[in-house]
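Right, one structure below, let's go through it.
Laboratory data are not the source of any read-out in this text; all were calculated from the coordinates shown. Just so you know, these numbers come straight off a predicted model, no measurement behind them. Ideal geometry is used to build each Cβ from the backbone, glycine not excepted, and the neighbour counts take in all protein chains shown.
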Amino acid sequence: MKLRFAWLPLCLLTLFLVIGCATPQISPNGAPTPTWSGRLAVQVDATESQPSQSFSSAFELQGQAAQGQLHFYTPLGSTAAVIVWTPEQASLRSGSDVQSFSNIDILIAQVLGTPVPVSALFAWLAGELTSLDNWQVDLSQFDRGKITARRINPAPKAEIRVILEP
């Protein structure tokens, strides 16, 4: 019985050492880089020139509107796609295919077929009710990690739903 309790301090020490090694990433200005993870769903209605699009995936987002990276995961947990952006460029990597764009807004508009307000999305993730023309944001369930944003006009209609992991 005493042998079992002798391992307890060693296990606790190991746990504290592992936790101590897990530090948040630091941005160039010295502040921790914000990170969010959970599930993201985007739905864009059809128009005369394009079919409707629907996308849902587990995600991990790190950074800010000006610079960051967004990982999408398959249901089995492997990486489906990665978006990386800076003020100068943005790229989408899926498998061995890489597409480059001049900025994140153009990348998202090209991939989804409609623009999505990246800077407002970061504000919504922080729980800030940033209003935008043509977008209705629902943060009433933010305390449960749920965010919904809808655009009615201009066409196509679009909806973004986010469920954040605690």
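Here are some notes:
- Computed log₁₀ I(q)/I(0) - Debye formula, equal Cα scatterers, no solvent, the range 112-166, q 0.15, 0.23 Å⁻¹: -0.39, -0.87
- Set of the range 39-63 residues, backbone N closer than 17 Å to the point 7 Å along the Cα-Cβ line of Q141: 39-43, 56-58
- Relative exposure of E128, E88, E159, judged by other C-beta atoms within 10 Å (fewest first): E88, E128, E159
- The ranking of D138, D105, D97 from fewest to most other beta carbons within 10 Å of each one's beta carbon is D97, D138, D105.
- Shown in residue order for the range 73-90 are the 3J(HN,Hα) couplings computed by the Karplus curve 6.51 cos²θ - 1.76 cosθ + 1.60 at θ = phi - 60°: 10, 6, x, 8, x, 7, 6, 8, 7, 9, 10, 10, 9, 9, x, 8, 6, 9 Hz (x for Gly and Pro).
- Distance in nm between pseudo-label sites at Q89 and Q53 (7 Å out along the Cβ direction from Cα): 2.2
- Using only the C-alpha atoms, the convex hull of the range 29-164 corresponds to 126 Å³ per residue.
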